[in-house]
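Heads up, the thing below is written out as structure tokens.
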């Protein structure tokens, strides 16, 4: 064991305390919003406790009951499920072609799918005009179809295919199996780990769909959850309270005992938006390394 | 058929591109190709709108560089341009070094479970969308109910109107960027740190090097390359990814220091319907990004060990 000087001991303790404070700083915004989402108590002046004064699931109930809130939630669930599964299918199949090193035109695919799109693009307005011409405005297709294929995901999947021993596919070919069969029967079942990783990354990004929805979706019925959330966040707190109280009276609650605000509702929405991410987080963590590689592998 | 002809026909088959197998393989990559063609390539010629008089009804006539001149003579364009670069500068000054410092300090923590818990918690925000992060901070910093102002008042101070203070905004935004990404970005540095040969440290200890000296002479040189590569790679995307956070955080009070090119293009294009001006600004931004990508590509050949480039 190495001897440690006093200076080092002080440093070690300071370092541990630093990370403790750091962790508090990381958690504070989330804990504060969690508290707000669960608290309907009338806040006294300067109540700095993070424990709800009057615990209630009222705001979460509102998320479930208010159509203007649960509709965007269901929309996001829908595009996440459809988008992730279709994206997985398209990229997994396409990546198989990319994994064939001796296939004529293989280099062209890398240029077409990765390198040229990295250099050139139409930009916001020409893309918007295309979507308009396709009749995609205000349709969920605009949030799913353009985001389905991804050159980067395909490269990541391809690299995994490369690591699968060739002998398995070869023996199937000798038995007379065609490429489709080789792919679906042998390669795809063996590629589960990378497909799980891609499903998680694609899932998170579909769940967080925001910019495209802001640009292309018009009717509030078709908002995604983050778009609705932004609307709630930007509402002026006091302006909304009256509307909120009317809603609560309709729900049959005694307004003298509780204090509600749109802050509480948007807090609950933020928590709801984070829950799926936190649920898949342990699995995401397993694939961190792969995720970092997405940005750094060359074709 | 003798063996020679068999061999010849086999060879010919090998050269043939459209074998049954290859056709199957091409069919398998067809969907991504079509999707990329429609959604990435079809809009490309649309940049010509930047050189046209283009109304809601479509093309009217060519105007040369007039749209650019109109944009360049607008105060709000330069404001957005300046803010974009302020955020880039703040990014390199504070956001880029933060995971390096985080990893260096984290590397000194010897308690395994502690290390792991801190890492798990600090990596989570990377996967949370900017809308929620912005929302969290807007709530946290609210002058009336936000926790930070509660604390300030608890200790007898006056509440600060964080989100409506234009001078404060670049700092707040930088803080949020660090908060969101420090844990995730540090993973790659921690991996590089764990790859440093422990014998180097042992030798240094025998030579009587202090902890600080070990960091300076062994640890930092050990991750120097990782830092260089990541910094160079980041050149290619400096202006990207600012739409979401700014779109949520921007308000009439802080707009003057918050608006960036991406949100500016959105408001003049989609909201005001000036497609030609918005396309011109977008094209201008794309040219800068392309220049930076080529620069990153050129530099990456120098900083990577095997002379690998991005493109």
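Quick check: anything in the stretch A:108-115 more than 7 Å from chain B (Cβ to nearest Cβ), surrounded by 19 or more Cβ atoms within 10 Å (Cβ to Cβ) and touching a helix residue (DSSP H, G or I) at 6+ places or on another chain (Cβ under 6 Å)? Give the derivation first.
Here is the first cut: in the stretch A:108-115, the ones more than 7 Å from chain B (Cβ to nearest Cβ) are A:108, A:110-111, A:114.
Filter once more, so that each one left must be surrounded by 19 or more Cβ atoms within 10 Å (Cβ to Cβ): A:114.
This time we only want the ones that are touching a helix residue (DSSP H, G or I) at 6+ places or on another chain (Cβ under 6 Å), so: A:114.
There is at least one residue in the stretch A:108-115 that is more than 7 Å from chain B (Cβ to nearest Cβ), surrounded by 19 or more Cβ atoms within 10 Å (Cβ to Cβ) and touching a helix residue (DSSP H, G or I) at 6+ places or on another chain (Cβ under 6 Å).
Among (1) free of Cβ contacts under 8 Å to residues at least 24 places away in the same chain; (2) surrounded by fewer than 16 Cβ atoms within 10 Å (Cβ to Cβ); (3) within 27 Å of the chain's Cα centre (by Cα), where does residue B:136 come up short? Condition (2) is where residue B:136 drops out. Out of B:174, B:263, one residue alone is in contact (Cβ under 8 Å) with a residue 24 or more places away in the chain and closer than 28 Å to residue A:285 by Cα. It is B:174.
Just one residue in the set B:261, B:193 is more than 10 Å from chain A (Cβ to nearest Cβ), modelled with pLDDT of 90 or more and over 23 Å from the mean Cα position of the chain (by Cα); that residue is B:193.
Suppose the filter is more than 13 Å from chain B (Cβ to nearest Cβ) and assigned to a helix (DSSP H, G or I); does residue A:125 pass it?
Numbers: more than 13 Å from chain B (Cβ to nearest Cβ): no; assigned to a helix (DSSP H, G or I): yes.
Answer is no for this residue.
One residue is enough: does the stretch B:159-170 have a residue meeting the conditions part of a helix (DSSP H, G or I), in contact with a helix residue (DSSP H, G or I) (Cβ under 8 Å, 6 or more places away or on another chain) and farther than 30 Å from residue A:42 by Cβ? Write out each step before concluding.
Pass one, the stretch B:159-170, residues part of a helix (DSSP H, G or I): B:162-164, B:169-170.
Right, trim to in contact with a helix residue (DSSP H, G or I) (Cβ under 8 Å, 6 or more places away or on another chain) and you get B:162-163, B:169-170.
Now restrict to residues that are farther than 30 Å from residue A:42 by Cβ: B:169-170.
Yes, that holds for at least one residue.
Going by the conditions given, is residue A:2 on the phi > 0 side of the Ramachandran plot, modelled with pLDDT under 80, part of a loop (DSSP other than H, G, I, E, B) and at the interface with chain B (Cβ under 7 Å from one of its Cβ atoms)? Break it down into steps so the answer makes sense when it comes.
Details: on the phi > 0 side of the Ramachandran plot: no; modelled with pLDDT under 80: yes; part of a loop (DSSP other than H, G, I, E, B): yes; at the interface with chain B (Cβ under 7 Å from one of its Cβ atoms): yes.
When the stated conditions are applied, residue A:2 does not pass them.
Say whether the condition of being within 30 Å of residue A:165 (Cα to Cα) and within 13 Å of chain B (Cβ to nearest Cβ) is met by at least one residue in the stretch A:44-63.
no
For residue B:109, the conditions (1) part of a helix (DSSP H, G or I); (2) surrounded by 16 or more Cβ atoms within 10 Å (Cβ to Cβ); (3) without any contact (Cβ under 8 Å) to a residue 12 or more places away in the chain all hold with the exception of (1).
Taking the criterion of being farther than 30 Å from residue A:158 by Cβ and either outside any helix (DSSP H, G or I) or in contact (Cβ under 8 Å) with a residue 60 or more places away in the chain (or both), the residues of the stretch B:32-50 that qualify are B:46, B:47, B:49, B:50. Kindly establish whether residue B:56 is within 30 Å of residue B:276 (Cβ to Cβ) and either outside the structural domain of residue B:223 (by TED's automatic domain parsing) or touching a residue at least 12 places away in the same chain (Cβ under 8 Å) (or both). Judged against the criteria, residue B:56 is a match. Taking the stretch A:135-180 as the range and being more than 10 Å from chain B (Cβ to nearest Cβ), more than 32 Å from the chain's Cα centre (by Cα) and free of Cβ contacts under 8 Å to residues at least 12 places away in the same chain as the test, the residues that pass are A:165, A:166, A:167, A:170, A:171, A:174, A:175, A:176, A:177.
The values are calculated or read from the model by the stated rules, or taken from the named source; none is laboratory data. Because the structure is predicted, anything quoted here is derived from the model rather than measured. Ideal geometry is used to build each Cβ from the backbone, glycine not excepted, and the neighbour counts take in all protein chains shown.
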